[in-house]
Amino acid sequence: MHGGDEVVAAPAGLPQPLDWKFSQVFGERTAGEEVQEVDIISAIEFDKTGDHLATGDRGGRVVLFERTDTKDHGVSRRDLERMDYLISRHPEFRYKTEFQSHEPEFDYLKSLEIEEKINKIRWCQTANSALFLLSTNDKTIKFWKVQEKKVKKISDMNLDPSKAVGNGSIASSSNSSSPKPCLANGSSLGGSYNYLSHDFSFPPGGLPSLHLPVVVTSQETNLVARCRRVYGHAHDYHINSISNNSDGETFISADDLRINLWNLEISNQSFNIVDVKPANMEDLTEVITSAEFHPTHCNMLAYSSSKGSIRLIDLRQSALCDSHAKLFEEPEAPGSRSFFTEIIASISDIKFAKDGRYILSRDYMTLKLWDINMDSGPVATFQVHEYLRPKLCDLYENDSIFDKFECCLSGDGLRVATGSYSNLFRVFGCAPGSTEATTLEASKNPMRRQVQTPSRPSRPLSSITRVVRRGTETPGVDANGNSFDFTTKLLHLAWHPTENSIACAAANSLYMYYA
C-alpha cells in the first residue's frame, strides 16, 4: 500500500487498501500567493446523487460544481453497450455558478458583528430540474433555489435609440407622408415637436412602419440563484449544524444550547426540541457541538456534546426531548485525566453511515465509530495524530486545540476519513479486520510526503472488547517525519456518496481525489 502507516496485505475477503490519485483542483494558489481571508473554504457538501458539489467560504459565497464525466457526449447508451464500453472514468467536476448567500450584519441590540462565513451547506430534494440547498452562517439560515432560465431580450426599435430623449424611446407615425412623432404612451407631441426636433432625426421620407420593442426569449440560458426563504431570529448562540430530515419537509438547526425543528415551507416559526440551557448559566457543563438526522428514520436524530458524548433522541417520545433514547460515551481510563482531557474529548463533528446503523464521530485526537445498537463504547477508534499528544500545551497556547475537524464515511461504509494539520488527511478502513490507514496530502501529488513504515500487526486492547485502535505514529514528528505546520489545517472534506472520491479544502483551494 502506498504511504500508509501499516503496510499489511489485506486478508482474503477484506477490501484491498485504496490507491488514491489526484483528480482536480479548483482555486489553486501559486507559490507565495497570499490567501485572502474571505476566500478560505468553510463548508463542503455533495448532493445525494453525487452529481453536484457545493462549497461555502468565509466571504459568504456559495460555489456550485457539476459533474461532467457522466455525460455521454451524444453517444446513446445502446451504442455504448454495443461497443462493450468500460466505464472506468473517475468523477470530474466543472464550475457551475456561484452566488452571495450571506452578507456581514450587525446586531444593534447586542452590539455584535455577525460574520458572513458559511458554516454549513445542505442539499435538499431537487424538483423540476431546479437545485435546492440550505446555507447558514452563525445566525441565519437561507433556502436557495438555483435554476436555469432562458434569457429574455428586448428586440430593437427601428429608431436610433442614441438620439432619443426623455425617459422613453421616441416612436414615429406609420404615415410616411407627414410623420408626426409620438411619445411612448401614444400622445402626439404636436407643437412641442419643433422644440424636440434637434434632438433626434428621421430618415428622409419617414419610416415605412413602426417596430415596437417586444420581449424575445432566446435560446441562451442563465443560472439564477434565488433566495426562497430566510429562517432567522431563532438562535441566541452560533449555529453549528443544520441537517435535512428524510421526510423531505423538515430540517433541524443546532447552536451551543438548543436544537430547533423547522418546516421548509414555514420561515417564521420553529419548534425547540432540545434545550440544554441550565436555569443558572454558571451550572453549564457542556454544550451541543453537532447534530444530524438519521438518514432513513425521520423521527430519530443524534447530537454530540463538548464532553465527548453522543445522544440519540426519538421525536415520538415527547415534544421537548430532554431525555435521550440512547447515550454513547467512552468510559474514561483511570489515571489518564489531565488538564486537556475534557478539551480534546469534545466532539467536533458526527455523521451517520448511509444505512443509519453506525455513527462516526471526530474529537481532537481520534475518529470513533459507534454502533447504534451498542452503547457500551465505540466499535473502533482511529488515532488521527497521536504524535501531537506531547504538544498539547503548545496547541492550547496557539488555540489550535479548539480547531473543529470534520469527518466523513464512504458510501459503502467500508472507510472513514478526516483531516489533520500540514494539509494532510487520513483514510481508514473500518471493515472488521481491516488494517488500512493511509495519510495523504492535499496537493497535486497526494503521496509525495509519504514514507514507508515497517509492517506491524494491530493489537486489540483486550480479547474481550471489539475496539481496535490504529494509526499511531512516532511522537515528535508528523505522519511522514516532516516538520509540522499548525497554520495549514484541513478542516473540511466530503466523500462522494456512491464512489471512492474525496473533495477536501486546503485554505481557498478545493482538491479532489479518486481511487
Can you tell me how many residues in the stretch 114-132 are part of a loop (DSSP other than H, G, I, E, B) and open to solvent by 30 Å² or more (accessible area, probe 1.4 Å)?
7
Check the stretch 67-84 and report whether any residue there is crowded, with 17+ Cβ neighbours inside 10 Å, of a type outside the set (A, V, I, L, M) and modelled with pLDDT of 90 or more.
yes
If residue 279 satisfies all but one of (1) of a type in the set (A, V, I, L, M); (2) at pLDDT below 95; (3) in contact with an Asp or Glu (Cβ under 9 Å, 6 or more places away or on another chain), what's the number of the condition it fails?
(3)
Residues in the stretch 325-340 that are assigned to a loop (DSSP other than H, G, I, E, B) and aliphatic (A, V, I, L, M) total 2
Inside the stretch 374-391, the number of residues satisfying the requirement of being assigned to a helix (DSSP H, G or I) and over 16 Å from residue 348 (Cβ atoms) is 5
The correct count of residues that are open to solvent by less than 50 Å² (accessible area, probe 1.4 Å) and in contact with a helix residue (DSSP H, G or I) (Cβ under 8 Å, 6 or more places away or on another chain) in the stretch 262-308 is 2
Just a yes or no: is a residue in the stretch 35-47 at pLDDT 80 or above, more than 19 Å from residue 490 (Cβ to Cβ), among the acidic types (Asp, Glu) and in contact with a strand residue (DSSP E or B) (Cβ under 7 Å, 6 or more places away or on another chain)?
yes
Could you please give the count of residues in the stretch 28-62 that are more than 10 Å from the chain's Cα centre (by Cα) and outside any loop (DSSP other than H, G, I, E, B)?
5
Pairs returned, first residue in the stretch 21-50 that is among the hydrophobic types (A, V, I, L, M, F, W, C), second residue that is at pLDDT below 95 and open to solvent by 50 Å² or more (accessible area, probe 1.4 Å), beta-carbon separation under 6 angstrom, 6 or more apart or interchain, are 22/444
Does residue 343 meet the test of being within 23 Å of residue 389 (Cβ to Cβ), in a loop (DSSP other than H, G, I, E, B) and modelled with pLDDT of 90 or more?
no
Within the stretch 222-258, the count of residues that are among the polar types (S, T, N, Q), within 29 Å of residue 354 (Cα to Cα) and in a strand (DSSP E or B) comes to 5
Considering residues that are of a type in the set (Ser, Thr, Tyr) and open to solvent by 10 Å² or more (accessible area, probe 1.4 Å), the number found within the stretch 244-261 is 2
Scanning for something under 22 Å from residue 330 (Cα atoms), within 20 Å of the chain's Cα centre (by Cα), surrounded by fewer than 22 Cβ atoms within 10 Å (Cβ to Cβ) and touching a residue at least 12 places away in the same chain (Cβ under 8 Å), does the stretch 363-372 turn up at least one residue?
no
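This table checks each residue for (1) part of a loop (DSSP other than H, G, I, E, B); (2) among the aliphatic types (A, V, I, L, M); (3) within 22 Å of residue 413 (Cβ to Cβ).
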| residue | (1), (2), (3) |
| --- | --- |
| 268 | no, no, no |
| 278 | yes, no, no |
| 291 | no, yes, yes |
| 317 | yes, no, no |
| 323 | yes, no, no |
| 350 | no, yes, yes |
Which one is most open to solvent (accessible area, probe 1.4 Å) among residues in the stretch 198-233 that are closer than 21 Å to residue 146 by Cβ and at pLDDT below 90?
219
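The values are calculated or read from the model by the stated rules, or taken from the named source; none is laboratory data. No experiment lies behind these values; they were computed from the predicted model shown. Cβ: placed from backbone, ideal geometry, glycine included. Neighbour counts: every protein chain shown. The protein model used for the area step is the full one, side chains on, heavy atoms only, and it has no ligands, DNA or RNA in it. Shrake-Rupley method; radii C 1.70, N 1.55, O 1.52, S 1.80 Å.
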